[in-house]
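The values are calculated or read from the model by the stated rules, or taken from the named source; none is laboratory data. Note that this is a predicted model, so its numbers are computed, not measured. So basically every Cβ, Gly included, is an ideal-geometry build from the backbone, and we count neighbours across all protein chains shown. Accessible surface areas use protein heavy atoms only, side chains included; no ligands, DNA or RNA. Shrake-Rupley method; radii C 1.70, N 1.55, O 1.52, S 1.80 Å.
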Amino acid sequence: MRVPYSWLREYCDPELPAEELAERLVMTGTEVERVEVVGPPRPDNFVVGKVTEAVQHPDADRLRVCTVEVGDGGPRTIVCGAPNVAAGQTVAVALPGARMPGGEKLRKAKLRGVASEGMILAADELEIGDDHEGTLVLDDALAVGTPLSQVIPLAEPVFEIEVTPNRSDCFGVFGVAREVHAVTAAPLGAEPWAQDAPAKGEGSVEDYAKVTVEVPDLCPRFTVRVLKGVKIGPSPLWLQERLAAAGQRPISNVVDITNYVMLLTAQPLHAYDLDEVPGGELIVRTARAGERMTTLDGTERELDPEVVLVCDRDQPSGIAGLMGGQVSEVSDQTTEVLLEAANWNGSNILQTSRKLGLRSEASARFEKQLHPDLTLRAQAIACKLMVELCGATLVPGTIDVAAPEPSARTLRLRGARVTAILGMEIAQGDQVGYLERLGFGVEVAGADLAVTVPADRYYDVTREIDLIEEVGRLHGFDRNLAATLPNVGEGKVGRLNRTQRLRRRAEDELRDLGFDQVVGWSFTDPGQAGRLRIEEPDERADPILVANPLSDEGAAMRTTLLGSLLDVAARNLARGREAVALFEAGAVYLRGAPPESGGPLAGDFPGNTPAPVTEPHRYGALAVGPPAPRSWRGGGEPADFFALKGVLEALAAGLGCPPLAFEPAVEPFLHPGRSAAVSVGGAPLGWLGEVHPLVCRTWDLPAAVGFEIDAAPLLAAATLGEEEFEDVTTFPVIRQDLAIVAPVDVSYAQVRDAVTAGGGDLLQRVELFDRYEGTQVGEGKVSLALRLEFGAPDRTLADEEVSALRAAIATGLEALGAVIRGAGGEDHGGET
């Protein structure tokens, strides 16, 4: 909403610089994004001039040499290219030294050999319109040499206000003026609708027009007036200037008046050419299935039965609350105007606007739900202006088809409640003053107030707490509310909980392991699952759709972190990076996921069946290329399955988790035979593996390996911060190497679990250091070389004890079909 300061001052002049007023408004809840200066930055050297002679330029067909009286200093010679310039015109003149709107300083110049001492201005050169074809012709009654700033606003400050959805009253200049009045206590002028136009036409409005509303729930009020003898033409300069400064393009006096009144009152209007409305009859109904109409922007639109239309007897003439049609628009031949001011169901207007992809100044206001009373306010101002500016005659009467008006709302404002909520005492007299300046009706009832809500704020202020907010913001949170610390109790300080600490530690561990953290979008395109080769019935193939996406690329919620990691990796490699190691910590969004994935939430997304939705927090990592550069000592090999397996094990160890288990598993986006399911303590964590070549090809990557795990079971298994003290022992440990031959389909995790169970508490460490498949161990077999470390905190272990443990280990391995092939030499080391 653009509000020119000169227009605002007409109703409330706070006598403050524009920037200071903007700051006051911001600090009391009205968001002023910027103050923009429209027109020349300074009004100096802009005057009213009189053209006394205009002759053809001797060397240019499109230029005329004008003699212009500008007051002191005598006549000036000005070369002008406007085709309409003529002797006798009163014009706007910029003299040498004037600063034009773009900041350029005007100087004397020669145009085709003729000296020019200024510029005769067009409307667009003053930023009061977009007309550049002709000079800006002024009223002949103006005195030559009058500063132009006394005729039209120059260097006009314009407030760019971001109107919040609850403050529809601030969509009108008078509503903003009332807010300025409330904030500054500057006097507020009379309501502009207080005086209606005189009705001097013949007959009554019912003789010319008829209105039928078939959907009163969608059209609570529809008012119509008729004006005859309308003369279409350009609007006066002051009206054009105000509209241009407010961001509206001047069109004609009738159309400009409807736009002006909308900007003033927040109530949109629509003017019809009465001669183009058969029988003067308007019908408000919903569209028929497949019905089509062409709107004023020249677009033919297909409608559905939820769209509300304003129709004549033959066809639709406008989409309610959005845009009129071409059938009955006002033209240069219009002499009779049917003026409509209606009230519409805000939710329906918003839904229709989104559905048709059509948004207008009118729909922006109607969708906030305006009060039905605003219709007659707008009618009064518009009719008065049409009588004054268009020479129209108002036909007596108003057709007013209205559903029962909303009942008046009176709220009780308790003084004690104000103090309790705001934490400061505000005198009752001050509370009354604040509310009355905002337009509320107030009656004192002891220590409390009975407050009647005005029509402008009816859908905004509905509870006592809303009144407390109004009182508090006008009293000044920035000026009068003391800064205090929250009362959390003596000795209490804020701290992270266990989950928060562990999440941060996990991110630190991944960074320490050489991975760069990225933050991907939670939104993705619905086709990402297909590119990852994920198909139904996998829950990740059915993403939750966004009701109103900003783009097709963000129309769905992600079901995996892998997609965003691949996007970032591809973007970096496309810009010259040879290798990347990335990780992301964030949520994914799944339908009907089990509680252990994050806990069900109530999800109801338009276009989807309401279903339990979870947002599990996950860690994902992806490596492309070598983790370390090549050197003369070797290296430079691309990261593979085992490199990321080591990263994942290091992450778990850094959190104090028990050893992870890896079992062969299949994921559609992973390389067959190079993927695994990961678990900890029997709880599934996620997946690990090399990315499928077809997926890499889709993202234009040479090869990639990664993992994605749920944070909840990983952090539940963590013991970081829960460690127990263990004394350093001086007793030596015994190390042995075992070569175990097992069936190839037996995983290392199974072998490790059997060895750990057989070794008991005296087996302190198990480490795999070699794996072999070949003819020496037989077909379908694999040899695993393990290093075992035995020890006790209170004694040196005897060989017999270790031998017994080895026997128990062998027994456990036999259950898996595995045998101990041989034992390496024992080492009675002195380490612990």
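Restricting attention to region 403-418, the residues that are part of a helix (DSSP H, G or I) and open to solvent by less than 40 Å² (accessible area, probe 1.4 Å) total 2. Looking at region 420-441, is at least one residue part of a loop (DSSP other than H, G, I, E, B), open to solvent by 80 Å² or more (accessible area, probe 1.4 Å) and not assigned by TED's automatic domain parsing to the domain that holds PRO616? Yes - at least one qualifying residue is present in region 420-441.
Of the strands (runs of 3 or more DSSP E) lying entirely inside region 1-63, those carrying at least 2 residues that are without any contact (Cβ under 8 Å) to a residue 12 or more places away in the chain and open to solvent by 10 Å² or more (accessible area, probe 1.4 Å) are 46-56. Being assigned to a loop (DSSP other than H, G, I, E, B) and of a type in the set (Val, Ile, Thr) is the filter; apply it to region 118-136 and report the residue that is farthest from the chain's Cα centre (by Cα). Among those residues, the one meeting the criterion is THR135. Among residues of region 235-247 that are under 13 Å from VAL38 (Cα atoms) and outside the structural domain of ALA392 (by TED's automatic domain parsing), none has a beta-carbon under 7 Å from a residue that is among the β-branched types (Val, Ile, Thr) and in a loop (DSSP other than H, G, I, E, B) at least six positions away or on a different chain.
Restricting to helices (runs of 4 or more DSSP H) lying wholly in region 487-585: which have 3 or more residues that are closer than 24 Å to HIS617 by Cβ, open to solvent by less than 20 Å² (accessible area, probe 1.4 Å) and of a type in the set (Gly, Ala, Ser)? Give the derivation first.
On the way: elements: 498-512, 528-531, 562-574.
Output list reads 562-574.
Results for (1) in contact with a His (Cβ under 6 Å, 6 or more places away or on another chain); (2) assigned to a helix (DSSP H, G or I); (3) closer than 30 Å to ARG24 by Cα, shown as yes or no for each residue.
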| position | (1), (2), (3) |
| --- | --- |
| ASP139 | no, no, no |
| PRO153 | no, no, yes |
| PHE159 | no, no, yes |
| VAL176 | no, yes, yes |
| HIS181 | no, yes, yes |
| ALA190 | no, no, yes |
| GLY203 | no, no, no |
| LEU218 | no, no, no |
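Can you say whether PRO198 is free of Cβ contacts under 8 Å to residues at least 60 places away in the same chain and either open to solvent by 40 Å² or more (accessible area, probe 1.4 Å) or of a type in the set (D, E, K, R) (or both), as far as the supplied structure shows? So PRO198 fails the test.
Report whether or not ALA342 is touching a Cys at 6+ places or on another chain (Cβ under 9 Å) and at pLDDT 95 or above.
yes
For region 249-271, which residues satisfy the criterion of being closer than 27 Å to VAL48 by Cα and in contact (Cβ under 8 Å) with a residue 60 or more places away in the chain? Listed by number, the residues that qualify are ARG249, PRO250, SER252, ASN253, ILE257, TYR260. Of the strands (runs of 3 or more DSSP E) lying entirely inside region 291-359, those containing at least 1 residues that are touching a residue at least 40 places away in the same chain (Cβ under 8 Å) and open to solvent by 10 Å² or more (accessible area, probe 1.4 Å) span 300-302, 337-343.
For first residues located in region 633-652 and under 20 Å from ARG771 (Cβ atoms), partners that are assigned to a helix (DSSP H, G or I) and lie 6+ apart or on another chain with Cβ distances below 8 Å form the pairs VAL647/LEU510; ALA650/GLU509. In region 277-290, how many residues are surrounded by fewer than 12 Cβ atoms within 10 Å (Cβ to Cβ) and either within 16 Å of LEU322 (Cα to Cα) or of a type in the set (A, V, I, L, M, F, W, C) (or both)? The total comes to 1. Within region 594-646, the set of residues being outside any helix (DSSP H, G or I), within 24 Å of GLU663 (Cβ to Cβ) and at pLDDT below 90 comprises PRO594, GLY598.
Scanning region 432-446 for residues that are over 35 Å from the mean Cα position of the chain (by Cα) and not small (Gly, Ala, Ser) yields a count of 4.
Only a single item in (1) in a helix (DSSP H, G or I); (2) closer than 29 Å to ARG178 by Cβ; (3) in contact with a strand residue (DSSP E or B) (Cβ under 9 Å, 6 or more places away or on another chain) is not met by ILE465, and it is number (3).
So, of the residues in region 754-770 that are assigned to a strand (DSSP E or B) and touching a helix residue (DSSP H, G or I) at 6+ places or on another chain (Cβ under 7 Å), which turns out to be surrounded by the fewest Cβ atoms within 10 Å (Cβ to Cβ)? Please lay out each step first, then the result.
Let us first name the residues in region 754-770 that are assigned to a strand (DSSP E or B), namely 763-770.
Now drop any that are not touching a helix residue (DSSP H, G or I) at 6+ places or on another chain (Cβ under 7 Å), which leaves 763, 766, 768.
Working: LEU763: 20, VAL766: 18, LEU768: 13.
My answer is LEU768.
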